[in-house]
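Step one of this worksheet: look at the structure below.
The values are calculated or read from the model by the stated rules, or taken from the named source; none is laboratory data. Note that the structure is a prediction, hence the values are computed from the model and not measured. For neighbour counting, all protein chains shown are included, and Cβ atoms are generated from backbone atoms with ideal geometry for every residue, glycine included.
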Amino acid sequence: MPELESHTEEKIFEAASDVFIEEGSAGARMQTIADRAGINKALLHYYFRSKDHLFEAVFLKLAQKMLNKFSPIFEENLTLEDKIRFFFREHISFMQQNPKLPAFIISEINRNPERIRKLLANVDFKKFWSEILTQHSAELHKYNISEENLPQIMTTIASLSVFPFAAKGIIEVILSKSGVDFEKYVEDRKQFAADFVIKAISR
């Protein structure tokens, strides 16, 4: 029975993730999620009492999935440059597999910022900053990166990766007018963005 329940929950999470990303939390319907998961609506409500409960569970699962993917960033045997290259390679690959995710998150932040703030409160960002400062103190000093401006560096790195997907509709049109394929552009960006950041902090 536990195995069956686990399988059912996994089907619900997969279906709910797709529907929430496609429709947003406001547009998503429990019946649509149940249909997508191949279960009846009563069973969906048995696992998750309301759409809000399901949304919060899905949001946290997606956040955890993304954080787990980048766990090697905390490995001590990687240099800061290695970690920058790793981030762009893996994060852009993750966005390629989930291209609607950035727009979905931005939409949800704009629609209900307090709920997203509450959900993100469960993520220990302070530990992340502390790990980076401890593991790379000499490199950060060499690059003139302080504890105060590290958040600026990290959010700049994240935005270089996320923006092409968040604004894909516009960027894809602009690139097509120059004969540039969007998929090739984002594939090339894995190295270009990493080189760009490393050169910038090395000056």
Check on Ser146, farther than 28 Å from Gln96 by Cα, of a type outside the set (Lys, Arg) and out of contact with any helix residue (DSSP H, G or I) (no Cβ under 7 Å at 6 or more places or on another chain): yes
Test: residue in the stretch 67-78 that is closer than 22 Å to Arg117 by Cβ and in contact (Cβ under 8 Å) with a residue 60 or more places away in the chain: no
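For the stretch 18-54, enumerate the residues that are of a type in the set (S, T, N, Q) and in contact (Cβ under 8 Å) with a residue 60 or more places away in the chain. Give the steps one after another, and end with the answer.
Of the residues in the stretch 18-54, the ones of a type in the set (S, T, N, Q) are 25, 31-32, 40, 50.
Result: Ser25, single match.
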Which numbered condition Val19 fails, given (1) surrounded by 12 or more Cβ atoms within 10 Å (Cβ to Cβ); (2) aliphatic (A, V, I, L, M); (3) modelled with pLDDT under 85: (3)
Yes/no for Lys11 being touching a helix residue (DSSP H, G or I) at 6+ places or on another chain (Cβ under 7 Å), in contact (Cβ under 8 Å) with a residue 12 or more places away in the chain and closer than 29 Å to Tyr185 by Cβ: no
Matching residues in the stretch 75-93 - criterion: being surrounded by fewer than 17 Cβ atoms within 10 Å (Cβ to Cβ) and either assigned to a helix (DSSP H, G or I) or outside the structural domain of Lys142 (by TED's automatic domain parsing) (or both): Glu81, Asp82, Phe86, Arg89, Ser93
Which listed residue, of Leu62, Leu67, Leu78, is more than 17 Å from Phe128 (Cα to Cα) and of a type in the set (A, V, I, L, M, F, W, C): Leu62
Where a residue in the stretch 120-145 is closer than 16 Å to Arg203 by Cα and its partner, wherever it lies, is exposed (fewer than 13 other Cβ atoms within 10 Å of the Cβ) and of a type outside the set (Phe, Trp, Tyr), with Cβ under 8 Å and at least six apart: Glu139/Thr79; Leu140/Ser146; Tyr143/Ser202
Filtered residue count, the stretch 125-155, keeping only those that are loosely packed, with under 15 Cβ neighbours inside 10 Å and not acidic (Asp, Glu): 17
Leading residue by the ranking (modelled with the lowest pLDDT) among those in the stretch 117-129 that are part of a helix (DSSP H, G or I) and within 23 Å of Asp52 (Cα to Cα): Leu119
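Of the residues that make up the stretch 97-116, is at least one in a helix (DSSP H, G or I), touching a Leu at 6+ places or on another chain (Cβ under 8 Å), surrounded by 12 or more Cβ atoms within 10 Å (Cβ to Cβ) and among the β-branched types (Val, Ile, Thr)? Give the steps one after another, and end with the answer.
Step one: list which residues in the stretch 97-116 are in a helix (DSSP H, G or I), which gives 97, 101-111, 113-116.
Still in the running and touching a Leu at 6+ places or on another chain (Cβ under 8 Å): 101.
Remaining after also requiring surrounded by 12 or more Cβ atoms within 10 Å (Cβ to Cβ): 101.
Remaining after also requiring among the β-branched types (Val, Ile, Thr): none.
No, every residue in the stretch 97-116 fails to be in a helix (DSSP H, G or I), touching a Leu at 6+ places or on another chain (Cβ under 8 Å), surrounded by 12 or more Cβ atoms within 10 Å (Cβ to Cβ) and among the β-branched types (Val, Ile, Thr).
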